Amino acid sequence: MYARLQCTGGPLPQIDGVETKQQHVVEVISGHPGFAGLYMLDQIGIGRRVLLTLWTTRDEASGASARTRGELGPRPFELEVDELYEVIDDWSGPAAAEESAGAASFMQFETPMSQARFDAGQRGAKERIQPAVAKVPGAIRTLTLWDAERRALVVFAFATSMDALDAAGRTANSTELLPGEDPALLAGPTRFDVCTVVESVPSVAITR
């Protein structure tokens, strides 16, 4: 599975009927070939819009914007970020099958990331953090995105509410290191943003 990450540089411009147009955009994107999920987020504090779309192939992810413009015309704002990633981990939390996402964290890590840091982070996530967060009510999903060419890592965590997101974060940060884990290889994200979920069309997680 692949992901396309698109972010505005700040709040969206004032547009009449924005909620109706938002829903129409979601409907159009959801109808594209290879569509596998969508999360539309607003970054708390600055109102930046973040759109994360999921696709079954890289080509479908790459061509999605052109198809959308073909149906809706040019977008009425500029993008600050427009990047493609491979989804290397898609983890389901205890609330995945029951509730919709209301909040998300958006974490970006040092780029380019060394192989040692990458390996350490993946081990810590799968063997230490995910088993702990699996016990947190309201945790829905974590998506780990990787660009091998740039060696860029992005992680999205979704929860039913801000309180659930905060509880999941506190749980993750309070876990004890596993035997052999090196704290020097486990530095946190270089950027951490908290978002509200405006719209979502979640897909089924591919691993657990």
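The values are calculated or read from the model by the stated rules, or taken from the named source; none is laboratory data. Because the structure is predicted, anything quoted here is derived from the model rather than measured. Cβ: placed from backbone, ideal geometry, glycine included. Neighbour counts: every protein chain shown.
The selection criterion, being in contact with a strand residue (DSSP E or B) (Cβ under 6 Å, 6 or more places away or on another chain), among the small types (G, A, S) and either within 24 Å of G188 (Cβ to Cβ) or in a strand (DSSP E or B) (or both), holds for A101.
Of all residue pairs spaced 6 or more apart or on separate chains, those with beta-carbon atoms under 7 Å, a first member in region 161-173 that is touching a residue at least 60 places away in the same chain (Cβ under 8 Å) and a second member that is in a helix (DSSP H, G or I) are A168/V133.
Look at (1) closer than 26 Å to T56 by Cβ; (2) surrounded by fewer than 20 Cβ atoms within 10 Å (Cβ to Cβ) and you find that K135 fails only one, number (1).
For every residue, the table says whether it meets (1) farther than 14 Å from W91 by Cβ; (2) surrounded by fewer than 15 Cβ atoms within 10 Å (Cβ to Cβ); (3) more than 18 Å from the chain's Cα centre (by Cα).
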residue	(1), (2), (3)
T111	yes, yes, no
R117	yes, no, yes
A157	no, no, no
P183	yes, yes, yes
G188	yes, yes, no
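A172 falls short on exactly one of the conditions (1) over 23 Å from R4 (Cα atoms); (2) surrounded by fewer than 19 Cβ atoms within 10 Å (Cβ to Cβ); (3) modelled with pLDDT of 95 or more, and that condition is (2). Of all the numbered requirements in (1) of a type in the set (G, A, S); (2) surrounded by 15 or more Cβ atoms within 10 Å (Cβ to Cβ); (3) at pLDDT 95 or above, S203 misses one, and that requirement is (3).
Hey, can you tell me all the residues within region 62-79 that are of a type in the set (A, V, I, L, M, F, W, C) and either closer than 15 Å to V26 by Cα or free of Cβ contacts under 8 Å to residues at least 24 places away in the same chain (or both)? Reasoning before the result, please.
Residues of region 62-79 of a type in the set (A, V, I, L, M, F, W, C): 64, 66, 72, 77, 79.
Those that are of a type in the set (A, V, I, L, M, F, W, C) and either closer than 15 Å to V26 by Cα or free of Cβ contacts under 8 Å to residues at least 24 places away in the same chain (or both): A64, A66, L72.
Scanning region 42-54 for residues that are surrounded by 12 or more Cβ atoms within 10 Å (Cβ to Cβ) and in a helix (DSSP H, G or I) turns up nothing.
When you look at E149, is it among the acidic types (D, E), farther than 23 Å from E181 by Cβ and at pLDDT 95 or above, yes or no? It is true that E149 is among the acidic types (D, E), farther than 23 Å from E181 by Cβ and at pLDDT 95 or above.
Just for region 89-112: of the residues that are closer than 12 Å to L153 by Cα and touching a helix residue (DSSP H, G or I) at 6+ places or on another chain (Cβ under 8 Å), which one is modelled with the lowest pLDDT? Step by step, filter region 89-112, then rank; the result is E110. Looking for whichever is within 28 Å of Q22 (Cβ to Cβ) and of a type in the set (D, E) here; the options are E80, E110, E127, E176. Which one fits? Going through E80, E110, E127, E176 in turn, the sole match is E80.
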